[in-house]
Amino acid sequence: MDDLQVKQLIQNYLEGQCTEEETALLESWYLKQSTSFGRPDAEMIERSEEMMFNFLENSMVEKRTVRLWPRIAIASAVALVVIGAYFFRSSFSTMDQENKAVLSADIAPGKNGATLTLANGRKIAINDFLAGNIASQSGVKISKTNDGQIIYEVTGQGTTKTEYNTLTTTRGEQAQVRLPDGSRVFLNTASSLRYPASFAKSAKRSVRLTGEGYFEVAKDKAHPFVVTAANQEVEVLGTHFNINAYTDEKAVKTTLMEGSVKVAARVAEGPVGGGSMDKVLKPGQQSLLTENGIEVTEVNPDEVMAWQKGYFRFYDEDITSIMRKASRWYNIEVEYSGALPKKGFNARITKYAGIREFLRKLEKTGDVHFKIEGRKVIVSK
């Protein structure tokens, strides 16, 4: 984030107007700032207070504002930052040498990035391109914005042949793409999306997903949007929904945020069980596709969408499920030692913290412990 974004987030936070996504970003920023402080002496505290006071005051007080923000409120905010940074640093001095060694082996969180494979087989590492044009094909211009979003824009008639592109993220990467029809797809780690470079000559807007993706589908009643993921198809006209179809999960989960979708279970020989297994979801509902068919439950969409909003949200979740998510985002190997805790965990953790901060919050429960060896995390009770 640049200075202007940070100032705005601080203002929103102190005024109680931060969204969950903004709070997660601010937590990440604060964590990075706090680690830059050493054990402060009196002179450092004074300099820090002056710096933060000016920073906050400039962000919240316009020159022509009649009612200034009370200095005591700003001073309190400064004190929280300085004192928080002090205790963050000083806590490390009390740890034994073994714990210091473990914590020093931090692993950075994932980031925006992906590989785009064009119809001709050309592979483009999105991280290697600055904002601007990436490629052109089938009457479509492909470009990248400053925030990493890939955009498809129709520039001409193109060819009569339908050409497919594939956007792929590895472990530790996430990406977003705006398709030619205006639909947006947010792709989670270790996932892929295969889609036509243009929908102009298609009766249906069909795409294929592996892994996890959140879809904001542009409305077009004449051309249904169909997502194939694992052994199911999801058909919509225009709505927002999330599909989790990782192969190492027990079920394919489709969660609806708004509008309606039809989920149909499919295998090579036809519908599961030899009959119709279609389910229509309402907002706040989630379908679970297993070998036994489709089950529909009520869920909290905010928990499902945590990954797309910048944080992890665990609600009574077992440690193996939590570590599967961590392994994808941090690109780590997970090993289990001995018996594991049977109780579920509840936590909200920013995705932009290093692995040690992620693990530290889980360890606070006293029910689980971790050890880092290179890019391997050993889990024990």
Every pair of residues 6+ apart whose Cβ atoms lie under 7 Å, when the first sits in the stretch 202-221 and is at pLDDT below 90 while the second is open to solvent by 20 Å² or more (accessible area, probe 1.4 Å) and of a type in the set (S, T, Y): S202/T162
I'd like to know if the stretch 308-323 contains one or more residues that are under 21 Å from F186 (Cα atoms), part of a helix (DSSP H, G or I), at pLDDT 90 or above and among the hydroxyl-bearing types (S, T, Y). no
When L289 is run through (1) open to solvent by less than 70 Å² (accessible area, probe 1.4 Å); (2) at pLDDT below 90; (3) of a type in the set (A, V, I, L, M, F, W, C), the failure sits at (2)
Considering only the stretch 144-176, state which residues are aliphatic (A, V, I, L, M) and at pLDDT 75 or above. I150, I151, L167, A175
Which one of the conditions (1) among the charged types (D, E, K, R); (2) surrounded by fewer than 21 Cβ atoms within 10 Å (Cβ to Cβ); (3) farther than 24 Å from R348 by Cβ does R205 fail to meet, given that it meets all the rest? (2)
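Residue by residue through the stretch 338-379, note down the ones that are assigned to a loop (DSSP other than H, G, I, E, B), among the hydrophobic types (A, V, I, L, M, F, W, C) and under 18 Å from the mean Cα position of the chain (by Cα).
A353
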Going through the stretch 348-363 in order, the residues found to be open to solvent by less than 10 Å² (accessible area, probe 1.4 Å) and basic (K, R) are K351
What number goes with the only condition from (1) at pLDDT 90 or above; (2) closer than 30 Å to H240 by Cβ that S276 does not pass? (1)
I294 being surrounded by 15 or more Cβ atoms within 10 Å (Cβ to Cβ), within 30 Å of A353 (Cα to Cα) and either in contact (Cβ under 8 Å) with a residue 12 or more places away in the chain or of a type in the set (S, T, Y) (or both): no
Could you give me the residue pairs with C-beta distances under 6 Å whose first residue belongs to the stretch 145-160 and is closer than 23 Å to N188 by Cα, whose second residue is among the aliphatic types (A, V, I, L, M) and at pLDDT below 75 wherever it lies, and which are 6+ apart or on separate chains? T145/A131; N146/A131
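Rundown of residues vs (1) open to solvent by 10 Å² or more (accessible area, probe 1.4 Å); (2) within 18 Å of L118 (Cβ to Cβ), yes/no style:
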residue: Y164; (1), (2): yes, yes
residue: L179; (1), (2): no, yes
residue: A190; (1), (2): yes, no
residue: A197; (1), (2): no, yes
residue: D220; (1), (2): yes, no
residue: G238; (1), (2): yes, no
residue: N242; (1), (2): no, no
residue: D248; (1), (2): yes, no
Just to verify a result, which residue in the stretch 84-137, among those that are among the β-branched types (V, I, T) and modelled with pLDDT under 50, is nearest to V379 (Cα to Cα)? V102
In this structure, does A175 turn out to be out of contact with any Lys or Arg (no Cβ under 9 Å at 6 or more places or on another chain) and not in a strand (DSSP E or B)? no
Which of the residues spanning the stretch 222-237 are part of a loop (DSSP other than H, G, I, E, B) and either touching a residue at least 60 places away in the same chain (Cβ under 8 Å) or on the phi < 0 side of the Ramachandran plot (or both)? A222, H223, P224, N231, L237
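The values are calculated or read from the model by the stated rules, or taken from the named source; none is laboratory data. These numbers come from a predicted model, not from an experiment. Cβ atoms come from the backbone with ideal geometry, glycine included; neighbour counts cover every protein chain shown. Accessible surface is based on the protein model in full, side chains and every heavy atom, while ligands, DNA and RNA are left aside. Shrake-Rupley method; radii C 1.70, N 1.55, O 1.52, S 1.80 Å.
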